[in-house]
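Q: Right, I'll just put the structure down here and ask away after.
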Amino acid sequence: MPSLKDLRNRITSVKSTQKITKAMKMVAAAKLRKAQESAEKGRAYSEKMNLIINNLKNSITDINSAPKLLAGTGKDEVHLCIVMTADRGLCGGFNTNICKKAREYFKQILKNNKKLKIITVGSKGADQLRRGFKDYIIERISYKNLKNISVNEASEITSKVITMFNKEEFDVCTIFYNKFKSVISQEPQAQQIIPVESQEVTQKENVEDVQYEFEPEENEILEHLLPQNITTQIFKAFLENAASEQGSRMSAMDNATRNAGDLIDKLTINYNRSRQAVITKELIEIISGAESL
Amino acid sequence: MQVDIVTPERVLFSEKEISMVTVPGIEGQMGILDQHLPVVTFLKPGVINVEKNENKYFFTTGGVVDFKDNALSILCQEVFDIKDLSNEKINELKDRASNKIKDQDSTDHDLFIANTMIDELNLLQSK
């Protein structure tokens with residue numbers, strides 16, 4: 001049975017925790033609005049880029065002469081996985097969900113006796129994947145000190161990936177990130193970026209047989225456009241991740257604040273009961289003392 | 001026609017009923033009028049001119065243009081409204097281009113782009 005003093009201490013400590021989580025929730029909510037806005041603004045670019053690439057892909061008749069980034073190396077031996085997570089914790093299942101998705105994928109690859117290489121972006125993912133996949137991590141990238149992630153960071157990663165690809169260090173490249181659906185739901189995604197995945201053409205009517213004029217030739221355009229497309233996809237992943245992280249943190253902190261409130265209520269009731277019990281006990285002692293006289 | 005100028009970060013310009021746009025295509029200046037044939041082309045650094053009642057000018061460091069169904073999409077890594085382009089920014093871009101020229105790894109294409117960029121920026125500054 002905890003003493004009154006213990007209970008009082010616990011209530012104060014939970015109260016100060018609640019203050020912190022509340023503040024974190026407010027901060028996350030403010031950041032979320034900004035992140036969500038930029039994620040939505042960025043979508044236009046990546047969608048248009050995708051459309052152009054798809055159109056180009058459809059107009060190429062001889063797939064073998066196409067750039068390797070589009071068609072692939074023809075092999076499927078070495079897989080490069082880029083796992084993109086946050087640099088900070090306390091955001092619910094955000095980091096764990098990405099790592100879980102990635103782990104499942106890794107196991108699949110290893111089971112099929114293929115080679116695996118991992119690049120982690122964001123320190124939390126590196127920490128989680130160190131257990132079990134330490135030997136496969138070839139590089140850890142973290143932008144912890146940067147306030148805002150811009151296209152430059154995305155193109156930095158892209159140029160690393162493309163240099164590796166040109167040295168034939170991998171055949172397939174996949175990125176893992178969380179897609180922002182709403183504040184309460186984020187979906188971990190695995191997206192293959194090299195070779196460009198042949199997407200189910202949903203806008204079939206749009207593609208049909210528009211005769212494009214290309215200036216310069218298709219292949220030349222593709223050669224320059226594909227690296228840009230990878231940058232775009234990675235940047236998109238960054239933006240989606242940023243929005244998801246804040247959303248996830250906001251709901252996690254909201255839950256924590258509510259839990260703290262519940263706990264305070266429970267402890268207060270407990271505290272009042274014990275206080276009353278102590279008073280009653282003292283009264284009984286006095287009365288029985290007086291009676292025995 | 002519908003004209004959109006998009007960067008990875010935002011949509012800079014989006015308007016309907018534009019009669020003509022001039023873009024710095026990689027193989028020469030290119031004017032795109034209403035009801036143009038579907039076309040995809042690359043941009044070199046230069047000025048995009050959108051003709052309206054009042055002409056609007058943008059400076060881009062390169063990008064892709066896609067025209068289809070009477071809608072023109074200009075995707076650029078970087079694009080600036082000329083009105084907002086300060087002298088410092090121009091100098092910064094110039095420095096970046098000259099670094100590219102000094103870089104040993106630059107390909108012919110990179111060199112061409114960097115040189116064009118410096119020429120175009122000088123032209124802008126002299127105006």
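The values are calculated or read from the model by the stated rules, or taken from the named source; none is laboratory data. Keep in mind the model is a prediction, meaning the values are calculated, not measured. All Cβ positions, even for glycine, are placed from backbone atoms using ideal geometry, and neighbour counts span all protein chains on display.
Q: Of (1) crowded, with 16+ Cβ neighbours inside 10 Å; (2) more than 23 Å from A:THR96 (Cβ to Cβ); (3) modelled with pLDDT under 90, A:VAL161 satisfies all except one. Which?
A: Among (1) crowded, with 16+ Cβ neighbours inside 10 Å; (2) more than 23 Å from A:THR96 (Cβ to Cβ); (3) modelled with pLDDT under 90, the lone unmet condition for A:VAL161 is (3).
Q: Between residues in the stretch A:154-174 that are within 18 Å of A:TYR136 (Cβ to Cβ) and residues that are modelled with pLDDT under 90 and hydroxyl-bearing (Ser, Thr, Tyr), which pairs lie under 6 Å by C-beta distance while being six or more apart or on different chains?
A: So the pair list comes out as A:ASP171/A:THR73.
Q: Quick check on A:VAL161: is it touching a Pro at 6+ places or on another chain (Cβ under 8 Å) and more than 14 Å from every other protein chain (Cβ to nearest Cβ)? Steps first, please.
A: Values: touching a Pro at 6+ places or on another chain (Cβ under 8 Å): no; more than 14 Å from every other protein chain (Cβ to nearest Cβ): yes.
Considered against the rule, which asks whether it is touching a Pro at 6+ places or on another chain (Cβ under 8 Å) and more than 14 Å from every other protein chain (Cβ to nearest Cβ), A:VAL161 comes out as no.
Q: Among the residues of the stretch B:1-53, write down those that are of a type in the set (Phe, Trp, Tyr) and under 17 Å from A:GLU217 (Cα atoms).
A: Step one: list which residues in the stretch B:1-53 are of a type in the set (Phe, Trp, Tyr), which gives B:13, B:42.
Matches in the stretch B:1-53: B:PHE42 only.
Q: Continuing with this model, one more query. (1) more than 17 Å from A:GLU245 (Cα to Cα); (2) buried (at least 20 other Cβ atoms within 10 Å of the Cβ): which one isn't true of A:THR85, the others all being true?
A: Unmet condition: (1).
Q: To continue, here is another question. Please state which of the following conditions B:LEU121 fails to meet, knowing it meets all the rest: (1) within 21 Å of A:GLU215 (Cα to Cα); (2) away from chain A (no Cβ under 14 Å); (3) of a type outside the set (Lys, Arg); (4) buried (at least 21 other Cβ atoms within 10 Å of the Cβ).
A: Result: B:LEU121 fails condition (1) only.
Q: Right, here's the next one. Evaluate the stretch A:48-63: report whether one residue or more is without any contact (Cβ under 8 Å) to a residue 60 or more places away in the chain, within 14 Å of chain B (Cβ to nearest Cβ) and either part of a helix (DSSP H, G or I) or farther than 30 Å from A:ILE184 by Cα (or both).
A: Our first condition is that a residue be without any contact (Cβ under 8 Å) to a residue 60 or more places away in the chain; within the stretch A:48-63, this holds for A:48, A:61-63.
Filter once more, keeping what is within 14 Å of chain B (Cβ to nearest Cβ): A:48.
After this cut, where a residue has to be either part of a helix (DSSP H, G or I) or farther than 30 Å from A:ILE184 by Cα (or both) as well, the list is A:48.
Checking the stretch A:48-63: at least one residue is without any contact (Cβ under 8 Å) to a residue 60 or more places away in the chain, within 14 Å of chain B (Cβ to nearest Cβ) and either part of a helix (DSSP H, G or I) or farther than 30 Å from A:ILE184 by Cα (or both).
Q: Can you pull out every residue in the stretch B:1-16 that is away from chain A (no Cβ under 13 Å) and part of a loop (DSSP other than H, G, I, E, B)?
A: B:MET1, B:LYS16
Q: Oh, and also: Mind checking which residues of the stretch B:69-98 are over 24 Å from A:THR231 (Cα atoms) and part of a strand (DSSP E or B)?
A: Within the stretch B:69-98, just B:ALA71 meets the criteria.
Q: Looking at B:SER86, B:SER98, B:SER73, B:SER19, can you tell me which residue is within 14 Å of chain A (Cβ to nearest Cβ) and of a type in the set (Ser, Thr, Tyr)? Can you show your working first?
A: Details: B:SER86 fails: within 14 Å of chain A (Cβ to nearest Cβ); B:SER98 fails: within 14 Å of chain A (Cβ to nearest Cβ); B:SER19 fails: within 14 Å of chain A (Cβ to nearest Cβ).
None of the others qualify; the one that does is B:SER73.
Q: Residues in the stretch B:101-116: is at least one under 18 Å from B:ASP4 (Cβ atoms), surrounded by 12 or more Cβ atoms within 10 Å (Cβ to Cβ), out of contact with any Ser or Thr (no Cβ under 9 Å at 6 or more places or on another chain) and among the polar types (S, T, N, Q)? Before you say what the answer is, go through the steps one by one.
A: Here is the first cut: in the stretch B:101-116, the residues under 18 Å from B:ASP4 (Cβ atoms) are none.
Among the residues of the stretch B:101-116, not one is under 18 Å from B:ASP4 (Cβ atoms), surrounded by 12 or more Cβ atoms within 10 Å (Cβ to Cβ), out of contact with any Ser or Thr (no Cβ under 9 Å at 6 or more places or on another chain) and among the polar types (S, T, N, Q), which makes the answer no.
Q: Just name the residue that is modelled with the highest pLDDT out of those in the stretch A:15-67 that are crowded, with 18+ Cβ neighbours inside 10 Å and among the charged types (D, E, K, R).
A: Filtering first and then ranking leaves A:LYS25.
Q: Could you list, in sequence order, the residues of the stretch B:52-69 that are within 12 Å of another protein chain (Cβ to nearest Cβ) and either touching a Ser or Thr at 6+ places or on another chain (Cβ under 9 Å) or not β-branched (Val, Ile, Thr) (or both)? Explain how you work it out, then say what you get.
A: Of the residues in the stretch B:52-69, the ones within 12 Å of another protein chain (Cβ to nearest Cβ) are B:61-69.
Answer for the stretch B:52-69, where residues must be within 12 Å of another protein chain (Cβ to nearest Cβ) and either touching a Ser or Thr at 6+ places or on another chain (Cβ under 9 Å) or not β-branched (Val, Ile, Thr) (or both): B:GLY62, B:GLY63, B:VAL64, B:VAL65, B:ASP66, B:PHE67, B:LYS68, B:ASP69.
Q: Go through the stretch A:22-42 and give me each residue that's β-branched (Val, Ile, Thr) and assigned by TED's automatic domain parsing to the domain that holds A:PHE94.
A: Step one: filter the stretch A:22-42 for residues β-branched (Val, Ile, Thr), giving A:27.
Passing the criteria: none in range.
Q: Another one. Return yes or no: is A:THR21 touching a residue at least 60 places away in the same chain (Cβ under 8 Å), assigned to a helix (DSSP H, G or I) and over 19 Å from A:ASP171 (Cβ atoms)? I'd like the intermediate steps shown before the answer.
A: Values: touching a residue at least 60 places away in the same chain (Cβ under 8 Å): yes; assigned to a helix (DSSP H, G or I): yes; over 19 Å from A:ASP171 (Cβ atoms): yes.
Criteria met by A:THR21.
Q: Could you check the stretch A:94-129 and list, in sequence order, the residues that are under 30 Å from A:ASP254 (Cβ atoms) and surrounded by fewer than 15 Cβ atoms within 10 Å (Cβ to Cβ)? It would help to see each step written out before you state the result.
A: Restricting attention to the stretch A:94-129, the residues satisfying the condition of being under 30 Å from A:ASP254 (Cβ atoms) are A:94-104, A:120-129.
Answer for the stretch A:94-129, where residues must be under 30 Å from A:ASP254 (Cβ atoms) and surrounded by fewer than 15 Cβ atoms within 10 Å (Cβ to Cβ): A:LYS100, A:GLU104.
Q: Separate question: Determine, yes or no, whether A:SER251 is more than 14 Å from every other protein chain (Cβ to nearest Cβ), surrounded by fewer than 24 Cβ atoms within 10 Å (Cβ to Cβ), part of a helix (DSSP H, G or I) and in contact (Cβ under 8 Å) with a residue 40 or more places away in the chain. Give the steps one after another, and end with the answer.
A: Details: more than 14 Å from every other protein chain (Cβ to nearest Cβ): yes; surrounded by fewer than 24 Cβ atoms within 10 Å (Cβ to Cβ): yes; part of a helix (DSSP H, G or I): yes; in contact (Cβ under 8 Å) with a residue 40 or more places away in the chain: yes.
It is true that A:SER251 is more than 14 Å from every other protein chain (Cβ to nearest Cβ), surrounded by fewer than 24 Cβ atoms within 10 Å (Cβ to Cβ), part of a helix (DSSP H, G or I) and in contact (Cβ under 8 Å) with a residue 40 or more places away in the chain.
Q: I'd like the full set of residues that are more than 12 Å from every other protein chain (Cβ to nearest Cβ) and not in a loop (DSSP other than H, G, I, E, B), limited to the stretch B:30-51.
A: Listed by number, the residues that qualify are B:GLY31, B:LEU33, B:GLY46, B:VAL47, B:ILE48, B:ASN49, B:VAL50, B:GLU51.
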